[in-house]
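Worksheet for the structure shown next.
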Amino acid sequence: MAAGWKHFTGKSPYPELTANSTQSAFTYGSKRDRRYRMGWIQGKRDEREERNMLNWVGKISGCEVSDDQEVALEQLHDGVTLCEFLNGLNPHALNRTISHKKSLFAATENVTNFQESICNFGLRQADLFPPNELLEKRTLTGLIKTLVILKSKLAGPG
C-alpha cells in the first residue's frame, strides 16, 4: 500500500492537515470546519482573555457579542460593532461615520475606520490586527491582542 489508503478508497480514516496560502493557519480537514483548528500550531489562544475582551466590547458597544469564536466572528466581521464600541468609549473617536450596508466594501470601510480611529487612543500600526483576519472570518486572535493593548492604554501606566 505504498500509494496510501486514500488513493485506493478515496477517503482516509485520518484527518487531513491543510493550510492557507501563506501557511499561517493550519486546520484538520476543510477550512470551513474550524472546530478542529489546532491552537498549538497557530499560536496560543487564551479563551478566558478572549471571553473578557468580547464581553467588554459587547458591554461598551451595547451590541450582543457571543463568547463562541465562530459566532463572534460572524457578529464582528462587518466592523459595525467595533465602531459602535469605539463610539461607546469616546463619542468623537471615529474618523468617519459607520456604514450599515451589508457589503464587503462597507465592512472593509468600517474595519479600516476602526483601525484608523483606534490609533487616536495611542496604539501604533504594529499593534493592529490584519483586517483580512476579521473580514474573511478567519480568527479573532489578532483582534483580541489589539483590544488587550487598547485596554492597557486606557487603564494608563501602572
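Values quoted throughout were computed directly from the atomic coordinates according to the rules given, and no laboratory measurement underlies them. In this text, all values refer to a predicted model and were calculated from it rather than measured experimentally. Every residue, glycine among them, receives a Cβ derived from its backbone with ideal geometry; neighbour counts consider all protein chains shown.
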What full-extension length gain, to one decimal in nm, is calculated for GLU70 and ASP46 as 0.36 nm per residue of separation minus the Cα-Cα distance? 7.1 nm
Treating every alpha carbon of the stretch 45-155 as one equal point scatterer without solvent, the Debye formula yields log10 I(q)/I(0) values at q = 0.15, 0.22, 0.24 Å⁻¹ of -0.55, -1.34, -1.67
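Take each of the peptides 141-152, 55-66, 115-126, average the number of other beta-carbon atoms within 10 Å over its residues, and list them starting from the highest. Walk me through the numbers before you get to the answer.
Details: 141-152: 18.4, 55-66: 15.7, 115-126: 14.0.
Packing proxy ranking, top to bottom: 141-152, 55-66, 115-126.
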Among ALA107, GLY122, CYS83, the residue whose Cα sits farthest towards the positive end of the charge dipole of the stretch 45-155 (+1 at Cβ of Lys and Arg, -1 at Cβ of Asp and Glu, taken about the Cα centre) is GLY122
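For TRP56 and THR112, what does the FRET efficiency come to when R0 = 22 Å and r is the distance between their Cβ atoms, rounded to the nearest 0.05? Before the final figure, lay out the partial values.
Numbers: r = 22 Å, r/R0 = 0.99.
Calculated transfer efficiency: 0.50.
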